[in-house]
Amino acid sequence: MSLLSIRDLHAGYGSADVLHGISMDVDAGQVVVVLGANGAGKTTTMRAIAGLIGRRGTVELDGKPLGKRPEQVVGAGISLVPQGRGTLGQLTVMDNLRVGAALRDDKDGVASDIERWTEVFPVLGRRSHQIAGSLSGGEQQMLAVARALMSRPRLLLCDEPSLGLAPIVVQELFDTLSQINKADGTALLIVEQNAELAMDLADTVYLLDVGTIAATGTPAEFRSDDAVRSAYLGY
Amino acid sequence: MELFLERLITGLTNGSIYALLALALVVVFRGTGTLNFAQGELALFTTFFAWWLTTESIPVWIAIIASLIAGFVLGALIERLLIRPVQRRNDMAVLIVALGLFTGLNSLAGLIWGSETKIMPSPFPNGIDDFVSVGGARLYFDALGVVGALVALMIVLTLLFRYTRVGLHMRAVADNAESATLAGVRTSRILAIGWGLSGAIGALAGVLVTPLSPQQLGLTSMFHVFIAASAAALFGGLDSLTGAVVGGITIGVLEAMLTGYVSFIGGSLQQTSALFIIVAILFLRPNGLFGTKRLVRV
């Protein structure tokens, strides 16, 4: 049984739907990558799962319906790293991490998690008392990932994590995400325009096109499918 | 010299009141992003409530605590029932609702308690002899109490924002509501708490200012305090607690000095000095002296 199961999901802004009934599965511990052009509905999918916008259709976690309010989603074990990182710019790095543990009451566990993520991302440890807005783009992205991980999610949603980052920083970030996935079994659902890099990580790839799923398969299948490759991967 | 000291003390006392109400404005602004025009009238309403309790022979300290609780509940209810439903539309609607509340609360206070001036008893000893002499100037205990209340409140707020989870969440929501929401912060509850807190702070300002004010407690008692407090909050950049306090004290002292030493201003043009300060700040430094570079959404 899949960890996250999405069936016939509709969502959008105002009266206009952006997603026209998409279905998708993420298995426990899996890495799923969603590709698609600008405006395909990738961010809308993420925001609909996270409860930031309304949705129709079925979204289940472990076979149980997922709540529609953001705190219910976080509480159930799904955490979103939003596009643009959502840094709490006036707060310190440490406070950003503590906000990430908003729903947790185990003080010791929170403290040890902060210690852990500041070791995984040493720059956050070095700058823990600095205002988060003063970090570089790459550092803010790491902070956003660490903040999302502070809720101990079973599924981490990452919306365009590579946006605006230097290639070497992106590589480092994806390596870390992959390590977390392997070490903790945290499933990843990653939306990316940087198709090649994301596919290296993926177990399953979905291709989103104008609000519907246009194709699905393994990275190998995607790379060998000439039509898909030329249309969406650009080589 | 004595005269100067007395004016300074008056300025500090009035400034502390402005600072208190400015703090209330800042707490709401940080959460909701708008200036709460009804803040002064909310304080007026709770002060009438405290006065009414004292006429029912309830001790003044208990009446004050009750008015703080009433301020909290009223503030939280206003956020939940009036502000939140319209905020989804736009910020301008919030301003209009606040303006409506301004007149509504004032009329309601008049309707319930009448328009004649009341005498709100002071929680501090305020007889003619209750003062200490400092360099020949008289430092009255009730004025001292107001400054003390401001210092105490600053300490409480600093502890709240820096060391408690609710405070952390309030800062997070003020900084980036969506990120806070994504982390699981119950944003709507935090906003209601913010409005409640500012209602309670305003209530404190109200019960402290009215016994000192020459106008005592009437339906217009809070007008000038609110205008000066807005100027103070603006001076500090609308989102800085320290800025609000510095702004309040500065405006209080400036006002006392201007009315004391500049003869043509005198008593009647006093209110104009706050207005002058507002215009000067908006002109010279739209973000205030302590404000962050975020735009003012009023």
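The values are calculated or read from the model by the stated rules, or taken from the named source; none is laboratory data. It should be emphasised that the depicted structure is a prediction, and the values quoted were computed from it without experimental measurement. No Cβ is skipped: glycine too gets one built from the backbone with ideal geometry, and neighbour counts run over all protein chains shown.
Just a few scattered comments:
- Residue within segment B:53-62 that is closer than 26 Å to residue B:125 by Cα, at pLDDT 95 or above and surrounded by 24 or more Cβ atoms within 10 Å (Cβ to Cβ) present: no
- Per-region count, segment B:55-102, residues under 27 Å from residue A:13 (Cβ atoms), assigned to a helix (DSSP H, G or I) and of a type outside the set (Val, Ile, Thr): 11
- In summary, residue A:81 fulfils each of the numbered conditions (1) within 13 Å of another protein chain (Cβ to nearest Cβ); (2) surrounded by fewer than 24 Cβ atoms within 10 Å (Cβ to Cβ); (3) closer than 16 Å to residue B:179 by Cβ with the single exception of condition (2).
- Of all residue pairs spaced 6 or more apart or on separate chains, those with beta-carbon atoms under 8 Å, a first member in segment B:1-26 that is part of a helix (DSSP H, G or I) and a second member that is crowded, with 24+ Cβ neighbours inside 10 Å and of a type in the set (Phe, Trp, Tyr) are B:21/B:226.
- Taken together, B:49, B:29 contain a single residue that is of a type outside the set (Asp, Glu), assigned to a helix (DSSP H, G or I) and at pLDDT 95 or above, which is B:49.
- Of the residues making up segment B:180-192, those that are part of a helix (DSSP H, G or I), within 14 Å of chain A (Cβ to nearest Cβ) and out of contact with any Ser or Thr (no Cβ under 7 Å at 6 or more places or on another chain) are B:182, B:188, B:189, B:190.
- The single condition among (1) over 21 Å from residue A:176 (Cα atoms); (2) assigned to a helix (DSSP H, G or I); (3) more than 10 Å from chain B (Cβ to nearest Cβ); (4) among the aliphatic types (A, V, I, L, M) that residue A:110 does not meet is (1).
- Where a residue in segment A:145-161 is more than 10 Å from residue A:80 (Cα to Cα) and its partner, wherever it lies, is of a type in the set (Asp, Glu) and crowded, with 24+ Cβ neighbours inside 10 Å, with Cβ under 8 Å and at least six apart: A:160/A:192; A:161/A:192
- Any hit, segment B:2-24, residues being more than 28 Å from residue A:90 (Cα to Cα), crowded, with 21+ Cβ neighbours inside 10 Å, modelled with pLDDT of 95 or more and of a type in the set (Ser, Thr, Tyr): no
- Residues located in segment A:149-171, provided they are small (Gly, Ala, Ser) and out of contact with any strand residue (DSSP E or B) (no Cβ under 8 Å at 6 or more places or on another chain): A:164, A:166
- Tallying residues that are of a type outside the set (A, V, I, L, M), buried (at least 17 other Cβ atoms within 10 Å of the Cβ) and closer than 18 Å to residue A:6 by Cβ within segment A:193-215 yields 3.
- Test for residue B:124: is it more than 10 Å from chain A (Cβ to nearest Cβ), surrounded by fewer than 20 Cβ atoms within 10 Å (Cβ to Cβ), closer than 22 Å to residue B:213 by Cα and under 20 Å from the mean Cα position of the chain (by Cα): yes
- Residue within segment A:137-147 that is farther than 27 Å from residue A:9 by Cα and in contact with a Pro (Cβ under 8 Å, 6 or more places away or on another chain) present: yes
- The set of residues in segment B:87-140 being farther than 16 Å from residue B:9 by Cβ, in contact with a Gly (Cβ under 8 Å, 6 or more places away or on another chain) and among the hydrophobic types (A, V, I, L, M, F, W, C) consists of B:102 alone.
- Residues within segment A:91-107 that are buried (at least 18 other Cβ atoms within 10 Å of the Cβ) and assigned to a loop (DSSP other than H, G, I, E, B), tallied: 3
- Residue within segment B:146-169 that is within 14 Å of chain A (Cβ to nearest Cβ), surrounded by 19 or more Cβ atoms within 10 Å (Cβ to Cβ) and within 23 Å of residue B:243 (Cβ to Cβ) present: yes
- Taken over segment A:53-74, residues that are in contact (Cβ under 8 Å) with a residue 40 or more places away in the chain and facing chain B (nearest Cβ under 7 Å) amount to 1.
- Pairs where the first residue, in segment B:61-78, is in contact (Cβ under 8 Å) with a residue 12 or more places away in the chain and the second is outside any helix (DSSP H, G or I) and surrounded by fewer than 16 Cβ atoms within 10 Å (Cβ to Cβ), C-beta under 6 Å, 6+ apart: none
- Evaluating residue B:219 against the criteria (1) in a helix (DSSP H, G or I); (2) out of contact with any strand residue (DSSP E or B) (no Cβ under 9 Å at 6 or more places or on another chain); (3) more than 14 Å from chain A (Cβ to nearest Cβ) leaves one unmet condition, (1).
- Residues within segment A:93-107 that are out of contact with any Gly (no Cβ under 6 Å at 6 or more places or on another chain) and within 7 Å of chain B (Cβ to nearest Cβ), tallied: 4
- Qualifying residues in segment A:156-174 (those that are away from chain B (no Cβ under 14 Å) and either buried (at least 17 other Cβ atoms within 10 Å of the Cβ) or modelled with pLDDT of 95 or more (or both)) - the one farthest from residue A:124 (Cα to Cα): A:160
- The single condition among (1) at pLDDT 95 or above; (2) surrounded by fewer than 17 Cβ atoms within 10 Å (Cβ to Cβ); (3) in contact with a Ser or Thr (Cβ under 9 Å, 6 or more places away or on another chain) that residue A:114 does not satisfy is (2).
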